[in-house]
Amino acid sequence: MTNLAIAGFFAVFAALTGYGFVSQRRRTRRMAETETTRSDQVLEGLVELKGTVRARETVRDPLSNDEAVLVDWELTKQELDADGDIQDRTIASGRREAVFDLEDEGGTIRVDPEGATLKMSGSNRHKETLRGHDDRLTSLREGTESDQGGTERAGVSIRADGVSTLIDFDTDDRRTYRAETLTPGDGVYVLGTATRDGEETIVGRGDTRGKYFLSDMSEAELSDTFASNQLLLGVIALGSAAAMVWFLLP
């Protein structure tokens, strides 16, 4: 690989991590500039809410079958890349979510989690390692095959990718199931857009991933997480830019 090609690689990497740095900074600033609003005082526009999840409808974690209002899951498989390094490749993934109520001292307000970016604590992130013909893999495939067609159930959104071809059972390859969940009774932080829906206000509808997020962490914990991510991305971006310049120099 020529120096120019290597420099191009580092340029792209610097641009991507630089974009991530800016995104994290914007999120941190948006959180700091938005005051927490009680559910009974919400107006249309950007709002910050803190409260407790109260389920209207529920979905199930496709592996554990635990009840939740939101499950974001993926199944990965270890493979060798072109350089002979081991990497995890996503072979199936999906998201199950249900509109829920956020309850605080002002009452309740409806929250639509579709499109939200999740920032969950370790207690709401789950990981299982599966090998060979594990019965849980069979249950996962059978339980999610219909997810690829979506759902018509009111207040619930279900989707999945890769399920129809997700598993072969003839090898002892290691597969890893990861899921982030939000469950009834969890504390929840919401930063999203409030809109009117008839006589009711709903938060999140129409928001896009990256500008709207949910977390079971406190605002302080979430802010610290964003700050740490921002610092790491900034260091990587600067390092990549320096490497790009080094390979461009004669």
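The values are calculated or read from the model by the stated rules, or taken from the named source; none is laboratory data. For clarity, every value in this text was computed on a predicted model and none was experimentally measured. Don't worry about glycine lacking a Cβ; one is built from the backbone with ideal geometry, like all the others, and counts go over all protein chains shown. Heads up: the accessible areas ignore ligands, DNA and RNA and are worked out on the full protein's heavy atoms, side chains in. Shrake-Rupley method; radii C 1.70, N 1.55, O 1.52, S 1.80 Å.
Could you tell me which residue of region 31-64 is modelled with the lowest pLDDT, considering only residues that are open to solvent by 60 Å² or more (accessible area, probe 1.4 Å) and assigned to a helix (DSSP H, G or I)?
ALA32
Among the residues of region 96-128, which ones are open to solvent by 30 Å² or more (accessible area, probe 1.4 Å) and over 20 Å from the mean Cα position of the chain (by Cα)?
GLU103, GLU105, THR108
Identify, by number, the condition in (1) modelled with pLDDT under 95; (2) within 18 Å of the chain's Cα centre (by Cα) that VAL69 doesn't meet.
(1)
With the structure loaded, tell me whether LEU182 is at pLDDT 90 or above and open to solvent by less than 30 Å² (accessible area, probe 1.4 Å) or whether it fails that test. Explain how you work it out, then say what you get.
Values: at pLDDT 90 or above: yes; open to solvent by less than 30 Å² (accessible area, probe 1.4 Å): yes.
Judged against the criteria, LEU182 is a match.
Mind checking which residues of region 132-148 are open to solvent by 70 Å² or more (accessible area, probe 1.4 Å) and either in contact with a Ser or Thr (Cβ under 9 Å, 6 or more places away or on another chain) or in a helix (DSSP H, G or I) (or both)? Quick ask: steps written out before the conclusion?
Step one: list which residues in region 132-148 are open to solvent by 70 Å² or more (accessible area, probe 1.4 Å), which gives 133, 135-136, 142, 145-146, 148.
Selection gives ASP135, ARG136, GLU142, GLU145, SER146, GLN148.
Counting only residues that are part of a strand (DSSP E or B) and under 18 Å from LEU222 (Cβ atoms), how many does region 113-131 have? Working first, answer last.
Start the filter on region 113-131 by keeping residues that are part of a strand (DSSP E or B), which leaves 117-119, 125-131.
Now drop any that are not under 18 Å from LEU222 (Cβ atoms), which leaves 117-119, 125.
Summing the residues that are part of a strand (DSSP E or B) and under 18 Å from LEU222 (Cβ atoms) in region 113-131 gives 4.
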